[in-house]
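The values are calculated or read from the model by the stated rules, or taken from the named source; none is laboratory data. Values in this document were obtained by computation on a predicted structure and should not be read as measured data. Glycine gets a Cβ as well: all are built from the backbone with ideal geometry, and neighbour counts include every protein chain shown. The protein model used for the area step is the full one, side chains on, heavy atoms only, and it has no ligands, DNA or RNA in it. Shrake-Rupley method; radii C 1.70, N 1.55, O 1.52, S 1.80 Å.
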Amino acid sequence: IEIYSLHVDCKVTSRFAHTVITSRIVNRANESREATFEVELPKTAFITNFSMSIDGAVYPGIIKEKTAAQNEYDTAVSQGQSAGLVKITDRKLEQFHVSVSVAAASKVTFELTYEELLKRQLGKYELLIKVRPKQLVKHFQIDVHIFEPQGIHFLETDSTFMTNELTEALTKVQNETKAHILFKPTLDQQKKNSELDETLLNGDFVVRYDVKREATAGDIQIVNGYFVHYFAPQEIPAFPKNIIFVIDRSGSMTGRKIEQTRDALLKILQDLRPEDHFSFITFNNKVVEWKSSLLPATEENVASAAALVQTLTARGGTDINGALLAAVGALEKAQGLPQRSVSLIILLTDGQPTSGERNVEVIQENIQKAISGKYALFCLGFGFDVSYKFLEKMALSNGGIARRIYENADAALQLQNFYQEVATPILMQIEMQYPENSVEGLTKNNFKLFFEGSEIIVSGKISNELDLLPVEIKAQSHTSDLTLKEEAKVKEKEQVFQNQRYIFGNFIERLWAYLTIQQLLEKAISAQEEDQKALEAQALDLSLRYSFVTPLTSMVVTKPQQQEELANKPTEAG
């Protein structure tokens, strides 16, 4: 079985990435063989299309509601059910895997399409393409086209498998608003050495970039009656932070985990700003507060905290409820905190609650009641013994996010990177306002906090024949209350994309659908049961209308001889 052609074709238009992977395989044997198509794609992406062509016959993947697809599939395969086609393989990736029997001397073409909205983190967007053909490929190429009307501020490529020879196969062409990256290694360039037919191509191919930002009220783009508004203000002074680290030191954290936590905390302490206030709570079955109140991050206090961190050891149970309530209590009674400041609680745990209150629903209620919208809670789940669902619901209900920390060599770095993302809050209570009577289907437009290096994205549909789309942004900064205004000339904005030949026409509409589905699913996590059903029904409707494989839909892949397999989207919470 020979893969004689493998093309990755990726078009990024205004952060929305549309990737098509085409693999052509021939069976050179004189009997039928199994051909496999394996693609690793970002977890944040939705598959939108798949097809197999065998000897001129096309077998498409059909996207259906998950339960309907499952019932149909169970009927078709009452015995010997094969596993699903998609599974999580890595912290950033999931794998799509399908194989089909190919007759002697026959060919098969596999084609998979997926889409995602690139998220700005720490001041850049990242497009990740996983390369792992497992054999030498005669016609191999990665083709990336980027078009950013705001202008490209910087662009870099990075790869885990590059050699000097392979670098020669990489070309980058770039002007003000466009970039084209082509990676097309010959058979010889792909080889590990001239004697062996082993490939060097195994790992990540990454494109990172950022865009230019001039307008203060962000940038608006419009195509076919749908708009997207990007807002990432710069050069605004940071709010002082009041931050409480709530650290699990139960028995399961023993060894490597507690060491990595210590390493990360020591670095994070160095990154606190003098105007920040901070404290530590460590917990097992007992909850221990480092100091009775939050302290300013002076050199002295940071050094004394570092000394405590050095002595952290792990044993005992896990009282998550008690620890979080103590953190809220400390913020409640804190004296002398700056007038305009941002209060954050960061929980790091690796297990289930085993001491104190153990019922996760009761814990969620207790914490939400105690915080009551005043502070943001971020939950970091270390490893796979945590109930990620519980942490995610608790964070999302309290204005924060959850993140899984993988038990790898770089766990300390993962913790530091997470801290970097929330280290610089520059705006709070952000309201993005649009004319009510002429905009519908608006995505989330109120945000509690904005951290430097990230980006706010709002999208919607302009209902009537508007010439001007006025926007108003209200927010609080450390020094003042801001009101920013901008007017987008609809016709002019539409013009920007007219003459771009490689852009799929309705990309802002698809971006809007992608963002809406993601937000509905996220909202459903922390909603009450009835609301949850309504939110999921809306998300399902959009997933089917725009053909996205989301956690609510399945793709039914039909093979020759009427065999069927299912591709489902896995989630971090399992």
Select from ILE281, SER438, THR313 the residue farthest towards the positive end of the dipole of the chain; place +1 on Cβ of Lys and Arg, -1 on Cβ of Asp and Glu, and compute about the Cα centre. THR313
According to a simple spin-label model (label point 7 Å from Cα along Cα-to-Cβ), what is the distance in nm between GLU572 and GLN476? 2.8
Just want to confirm a number: the relative contact order over the chain, from Cα pairs under 8 angstrom separated by 6+ residues, in percent. 17
Using alpha carbon centers only, the range 14-57 is separated from the range 304-345 by a whole-angstrom value of 49
Relative contact order (percent) for the range 4-65, with alpha-carbon contacts under 8 angstrom and 6 or more residues of separation? 19
Can you give the FRET efficiency to the nearest 0.05 for ARG315 and LEU122, using r as the Cβ-Cβ distance and R₀ = 35 Å? 0.50
In degrees, nearest 10, range 0 to 90: what is the angle between the Cα axis of helix 256-271 and the longest Cα principal axis of the chain? 70
If I stretch the segment between LYS374 and THR483 completely, what's the gain in nm (0.36 nm per residue apart, minus their alpha carbon distance), one decimal? 37.0 nm
Radius of gyration and Dmax for the chain's Cα atoms, expressed in Å? 25.6, 81
Could you grab the relative contact order for the range 241-423? Cα pairs under 8 Å, six or more apart, rounded to a whole percent. 24
Toward the positive end of the charge dipole of the range 241-423, about the Cα centre and with charges on Cβ (Lys, Arg +1; Asp, Glu -1), which of GLN270, GLN339, VAL422 goes farthest? GLN339
Distance in Å, no decimals, from the C-alpha centre of the range 102-134 to the one of the range 411-478 is 29
So what's the angle, to the nearest 10 degrees on a 0 to 90 scale, between helix 360-371 and the longest Cα principal axis of the chain? 50
Probe 1.4 Å, accessible area per residue of the range 241-423, Å²: 41
Taking r as the C-beta separation of ARG208 and GLU357 and R0 as 45 Å, the FRET efficiency to the nearest 0.05 is 0.55
Alpha-carbon Rg/Rh ratio, for the range 20-161, with Rh computed the Kirkwood way: 1.01
Straight-line reach from LYS192: which lysines have a Cα under 17 Å away, not including same-chain ones fewer than 8 places off? LYS134, LYS138, LYS184
Determine how large the accessible area of HIS97 is when every protein chain is in place; take a 1.4 Å probe and give Å² rounded to the nearest 10. 70
Debye calculation, C-alpha points only, no solvent: report log10 I(q)/I(0) for the range 468-574 at q = 0.17 Å⁻¹, in the same order as the q values. -1.02
Between ALA105 and GLN174, 0.36 nm times their residue separation minus their Cα-Cα distance comes to what? 20.6 nm
Taking a crude spin-label model, label points 7 Å out from Cα along the C-beta direction, the THR254 to TYR406 distance in nm is 2.7
When the chain is fully extended, how far beyond the present Cα-Cα distance does ASN464 get from SER194, taking 0.36 nm per residue of separation? 90.8 nm
With label points set 7 Å from each Cα along the Cα-to-Cβ direction at ARG91 and PHE161, the distance between them in nm comes to 2.2
Per the 1.4 Å probe, what fraction of the accessible area of the chain, in percent, lies on carbon and sulfur atoms? 46
